[in-house]
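Nothing in this text is a laboratory measurement; each read-out follows from the coordinates by a stated rule. If you're wondering where the values come from, they're calculated on a predicted model, not measured in any experiment. Glycine also receives a Cβ, built like all others from the backbone with ideal geometry; neighbour counts cover every protein chain displayed.
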């Protein structure tokens, strides 16, 4: 089993001198292939900083991060952008769909950025939209979708580039309980069926049924729940 995410002694400090604030403190984490990990923590605990660092959106003050075996340490901005396109999928609180693109076009746009061939992109989009039971809505615009449907499209879009790992930031926050559970189950299904990995940051402990491990971010360090 290969590790999709490895964080070694990762520290993130904002500011300097007397005003310095350390949000992550020598944090260690390994997430393996086929593993779905949840990270809990109250507002202000550093969950967003943790996810941004893990997802190559934020450079840590010290420590090292590996995505699918690749170190982020010496990569420049262009290299990191390319790595995110090829190795990482993101889901956010709101679906953040592009309002001027139809459902299928949302996925094909990501495929183009990730340099999938048109044929491969079409096959991949069809597979994901059917798997997530949103195929019949493929020619609809986001404004024509329900909240649950938008999140299904967001899941499909996040998996479109065949990422090694998915990062989900409060993906159920805008959904009711039943729809939220459905979204988390879908993430878990994709992780296990495709041998990927996922890290979900959440405050909702009702959404943990399908997670393999649950960690708490406390005082800048991850601890087992």
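For region 39-132, what relative contact order do you get, as a whole percent, if you take Cα pairs closer than 8 Å and at least 6 residues apart? The normalised contact order for region 39-132 reaches 15 percent. DSSP beta bridges fully contained in the chain are about 50 percent antiparallel. Helix 118-131 and the long axis of the chain differ in direction by around 90°, with both axes built from C-alpha atoms. Note on region 119-225: antiparallel DSSP beta bridges, both residues inside, total approximately 45 percent of the bridges counted.
Once the Cβ-Cβ distance of residue 144 and residue 73 is raised to the sixth power relative to R0 = 41 Å, the FRET efficiency obtained is 0.40. Of the peptides 17-23, 119-125, the order by per-residue mean of other Cβ atoms within 10 Å, starting with the highest, comes out as 119-125, 17-23. The overall shape of region 1-99, judged from the alpha-carbon gyration tensor, is rounded, with an a/c ratio under 1.5. Against the main long axis of the alpha-carbon atoms of the chain, helix 147-159 sits at an angle near 70°. Look at where the Cα atoms of region 1-37 and of region 142-191 average out, and the two centres are 24 Å apart. Build a GNM of the chain with springs between Cα atoms under 10 Å apart, and of 147, 63, 15 the one that fluctuates most is 15. GNM on the chain, alpha-carbon springs under 10 angstrom: the most fluctuating residue among 134, 88, 67 is 134.
Could you work out the relative contact order of region 97-225, using alpha carbon pairs under 8 angstrom and six or more residues apart, expressed as a whole percent?
21 percent
What FRET efficiency do you get for residue 61 and residue 30 if R0 is 35 Å and r is their Cβ-Cβ distance, rounded to the nearest 0.05? Efficiency at R0 = 35 Å is approximately 0.95.
Under 8 Å for C-alpha pairs, at least 6 residues apart: give me the relative contact order for the chain, rounded to a whole percent.
On the way: 436 pairs, mean separation 68.9, N = 225.
Once normalised by length, the contact order is 31 percent.
With angles folded into 0 to 90 degrees, how steeply does helix 77-87 sit against the dominant principal axis of the chain? Use alpha carbons for both and round to 10. Its long axis makes an angle of about 50 degrees.
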